[in-house]
Amino acid sequence: MKMLYTKEQIIGFLHEADAGLPVMELCRKLGFSEPSYYAWKAKFGSMKVLDAQRLKALETENTKLK
């Protein structure tokens, strides 16, 4: 399944919610569901954008090595 949002965007969404924007309002404004938000929070909750970029680079390198 293709993701509509990049990992960097998702982490940005999570930071918006951490900054005080209600989850329900964030989901409605950006067009994704609350279950998606909580799944992303479980997966990317402690990451920063730099971490996501590093992860993407490692995944790309791993794909090339295979």
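The values are calculated or read from the model by the stated rules, or taken from the named source; none is laboratory data. Just so it is clear, the model here is predicted, and its values are computed rather than measured. All Cβ positions, glycine included, derive from the backbone under ideal geometry; neighbour counts span all protein chains shown. Calculation scope for accessible area: heavy atoms of the full protein, side chains included, ligands and nucleic acids excluded. Shrake-Rupley method; radii C 1.70, N 1.55, O 1.52, S 1.80 Å.
Okay, here's what the table says:
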{"read-out": "Selection count, the range 43-57, where residues are within 10 Å of the chain's Cα centre (by Cα) and part of a helix (DSSP H, G or I)", "value": "4"}
{"read-out": "Conditions (1) surrounded by 14 or more Cβ atoms within 10 Å (Cβ to Cβ); (2) in a helix (DSSP H, G or I): number failed by Tyr5", "value": "(2)"}
{"read-out": "Hits in the range 12-42 (condition: part of a helix (DSSP H, G or I) and aromatic (Phe, Trp, Tyr))", "value": "Phe13, Tyr37, Tyr38, Trp40"}
{"read-out": "Pairs where the first residue, in the range 1-20, is more than 13 Å from Lys48 (Cβ to Cβ) and the second is part of a helix (DSSP H, G or I) and open to solvent by 40 Å² or more (accessible area, probe 1.4 Å), C-beta under 7 Å, 6+ apart", "value": "Phe13/Leu30"}
{"read-out": "Residue pairs meeting the criteria (Cβ under 9 Å; at least 6 apart or on separate chains; first more than 17 Å from Pro22 (Cβ to Cβ) and in contact (Cβ under 8 Å) with a residue 24 or more places away in the chain, in the range 33-56; second in a helix (DSSP H, G or I) and of a type in the set (Gly, Ala, Ser))", "value": "Phe44/Ala52; Val49/Gly12"}
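Here's the yes/no breakdown for (1) open to solvent by less than 50 Å² (accessible area, probe 1.4 Å); (2) modelled with pLDDT of 85 or more; (3) in contact with a Phe, Trp or Tyr (Cβ under 8 Å, 6 or more places away or on another chain):
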site: Gly12; (1), (2), (3): yes, yes, no
site: Asp18; (1), (2), (3): no, yes, no
site: Val23; (1), (2), (3): yes, yes, yes
site: Phe32; (1), (2), (3): yes, yes, yes
site: Ser36; (1), (2), (3): yes, yes, no
site: Lys43; (1), (2), (3): no, yes, no
site: Asp51; (1), (2), (3): no, no, no
site: Ala57; (1), (2), (3): no, yes, no
site: Asn62; (1), (2), (3): no, yes, no
